[in-house]
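The values are calculated or read from the model by the stated rules, or taken from the named source; none is laboratory data. Bear in mind that the values here come from a model prediction, so they are computed numbers and not experimental data. Neighbour counts are summed over all protein chains in view; Cβ atoms, including those assigned to glycine, are modelled from backbone coordinates with ideal geometry.
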Amino acid sequence: MAFDLILRNGRVVDPSQQLDAVCDVAFSGGKVARVGPRLEAGQGTAVRDVSGFIVTPGLIDLHTHVYWGGTSLGIDAEHFCRISGVTTSVDTGSAGPGNFAGFRKHVIEPSQVRILAYLHVSHAGIYAFSRRAMVGESEELRLMDPISAVEVANANRDVIVGIKVRVGRLASGTSGIVPLDIALQAAEEAGLPVMAHIDFPPPSYEEVIDRLRPGDVLTHAFRPFPNSPATVQGTVKQAVLDARKRGVLFDIGHGMASFAFKTARAMLANGFLPDTISSDVHALCIDGPAFDQVTTMSKLLCVGMPLNEVIAASTVNAAMALRRPELGSLKPGSAGDASVLSIKEGRFDYTDAVGEVMTGDRKIHAEGVVVGGRWWHPQPVGA
């Protein structure tokens with residue numbers, strides 16, 4: 001087989017195959033072709049020496065906001081993915097059924113990087129999220145549009161992976177948990193999972209996860225108090241353990257206000273790791289405290305999450321949450337995406353969403369990405 005590209009001599013870490021070894025990764029026809037030592041390059045094969053770097057399946061950021069120009073919180077997906085080593089950016093509810101067509105035509109389709117979406121059950125998605133205007137779209141029940149959400153989801157199955165809803169005092173106000181119930185009805189009708197945002201009570205953390213079904217995702221899962229998954233004694237709430245046993249997925253969703261080192265330390269001390277790591281990057285947190293996917297991964301690494309679990313939570317676990325098994329893996333035949341990372345050692349200050357500063361000894365850096373079997377990065381590896 002003729003290869004289009006070979007990444008040579010990297011430390012390949014692919015949790016989907018329980019693989020952690022120095023070897024080559026070859027791509028052909030936009031897919032992963034082979035993983036192994038000393039793969040032979042043909043006359044037309046591009047070869048990149050990635051010795052000393054880590055090669056993973058293409059990183060998946062399960063929670064982003066990339067409807068750039070269509071919403072005030074949107075960022076540019078291609079720029080973000082280049083600097084953070086992400087090959088699949090999942091937008092979570094920036095658009096609803098009333099404006100998804102524009103998101104698809106003007107952002108998703110022209111993008112060189114893969115963009116998938118959780119469609120908001122609210123008609124216009126998250127339409128007023130800025131430093132000057134902050135309106136919880138789920139507070140106004142007249143904006144809930146489940147029938148149209150099902151129609152739009154069914155018409156865009158190639159890119160819509162689920163239904164998004166935001167509940168909590170800031171997002172749903174006096175409507176409480178009702179928008180979640182509406183979203184669950186729409187998701188059931190469409191045969192899709194829900195991603196539920198939670199902020200301050202009401203409703204409570206327990207009320208939200210008690211409603212979620214196997215395969216549904218709770219984002220902002222390692223929130224600070226109030227609505228933390230940990231008790232004041234530092235144990236994991238029983239409702240959280242029960243939800244995981246039932247198949248509910250727990251996603252980090254860092255964002256501007258939704259991740260606390262205190263919570264993460266308590267959860268990890270009890271052996272409760274997040275299923276997925278995501279940045280929830282948007283216009284109000286891309287300059288801190290979230291920054292990007294690799295910074296969020298670095299925080300979990302420095303809090304004590306093992307490297308292979310950090311990578312799994314950003315690759316194969318996210319792919320399973322999306323129900324897209326062709327992603328998040330370097331198995332031959334998988335999507336031809338890979339991320340090239342380095343881990344720097346030293347002293348690095350990290351800030352969580354409540355202002356706690358933690359000094360970590362490691363930091364994950366994005367050195368480049370492969371998208372569709374082609375090297376896709378403006379800088380030489382290691383620059």
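Taking segment 81-109, which residues are farther than 25 Å from Ser138 by Cα, surrounded by 22 or more Cβ atoms within 10 Å (Cβ to Cβ) and out of contact with any Cys (no Cβ under 9 Å at 6 or more places or on another chain)? Once the filter is applied, which keeps residues that are farther than 25 Å from Ser138 by Cα, surrounded by 22 or more Cβ atoms within 10 Å (Cβ to Cβ) and out of contact with any Cys (no Cβ under 9 Å at 6 or more places or on another chain), segment 81-109 yields Cys81, Ser84, Gly85, Val86.
What tally of residues in segment 47-79 results from selecting those that are part of a loop (DSSP other than H, G, I, E, B) and more than 17 Å from Ser111 (Cα to Cα)?
At the first step, the residues of segment 47-79 found to be part of a loop (DSSP other than H, G, I, E, B) are 50-53, 58, 65-67, 69-70, 72-76.
Right, trim to more than 17 Å from Ser111 (Cα to Cα) and you get 50-53, 72-73.
So the count comes out to 6.
Scan Ala319, Ala290, Ala366 and give me the residue that is part of a loop (DSSP other than H, G, I, E, B) and aliphatic (A, V, I, L, M).
Working: Ala319 fails: part of a loop (DSSP other than H, G, I, E, B); Ala366 fails: part of a loop (DSSP other than H, G, I, E, B).
Result of the check over Ala319, Ala290, Ala366: Ala290.
Screening Gln112 on (1) within 21 Å of Val217 (Cα to Cα); (2) touching a Gly at 6+ places or on another chain (Cβ under 9 Å); (3) polar (S, T, N, Q) shows it passes everything except condition (1).
Can you pull out the residues in segment 232-263 that are outside any loop (DSSP other than H, G, I, E, B) and either within 21 Å of Thr92 (Cα to Cα) or touching a strand residue (DSSP E or B) at 6+ places or on another chain (Cβ under 9 Å) (or both)? Explain how you work it out, then say what you get.
Pass one, segment 232-263, residues outside any loop (DSSP other than H, G, I, E, B): 236, 238-246, 249-251, 261-263.
Correct list: Val236, Val240, Ala243, Arg244, Leu249, Phe250, Asp251, Phe261, Lys262, Thr263.
Selection within segment 130-145: residues that are of a type in the set (A, V, I, L, M) and either within 16 Å of Ser94 (Cα to Cα) or not assigned by TED's automatic domain parsing to the domain that holds Phe100 (or both). The member of this set that is surrounded by the fewest Cβ atoms within 10 Å (Cβ to Cβ) is Ala133.
Kindly check whether there is at least one residue in segment 25-32 that is under 20 Å from the mean Cα position of the chain (by Cα), closer than 21 Å to Val113 by Cα and not in a strand (DSSP E or B). Walk me through how you get there before you give the answer.
At the first step, the residues of segment 25-32 found to be under 20 Å from the mean Cα position of the chain (by Cα) are none.
Checked segment 25-32: no residue is under 20 Å from the mean Cα position of the chain (by Cα), closer than 21 Å to Val113 by Cα and not in a strand (DSSP E or B).
Looking for something surrounded by fewer than 18 Cβ atoms within 10 Å (Cβ to Cβ) and either in contact with a His (Cβ under 8 Å, 6 or more places away or on another chain) or in a helix (DSSP H, G or I) (or both) - is there at least one such residue anywhere in segment 161-173? The answer is yes, given that some residue of segment 161-173 is surrounded by fewer than 18 Cβ atoms within 10 Å (Cβ to Cβ) and either in contact with a His (Cβ under 8 Å, 6 or more places away or on another chain) or in a helix (DSSP H, G or I) (or both).
Rundown of residues vs (1) β-branched (Val, Ile, Thr); (2) within 30 Å of Glu151 (Cα to Cα); (3) crowded, with 19+ Cβ neighbours inside 10 Å, yes/no style:
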{"site": "Glu189", "(1), (2), (3)": "no, yes, no"}
{"site": "Val240", "(1), (2), (3)": "yes, no, yes"}
{"site": "Met256", "(1), (2), (3)": "no, no, no"}
{"site": "Ala260", "(1), (2), (3)": "no, no, yes"}
{"site": "Ala264", "(1), (2), (3)": "no, no, yes"}
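Condition check for Cys302 on (1) touching a Pro at 6+ places or on another chain (Cβ under 9 Å); (2) in contact (Cβ under 8 Å) with a residue 60 or more places away in the chain; (3) closer than 23 Å to Thr64 by Cβ: one failure, at (1). The requirement of being of a type in the set (D, E, K, R), surrounded by 18 or more Cβ atoms within 10 Å (Cβ to Cβ), at pLDDT 95 or above and not assigned by TED's automatic domain parsing to the domain that holds Gly253 is not satisfied by Asp349.
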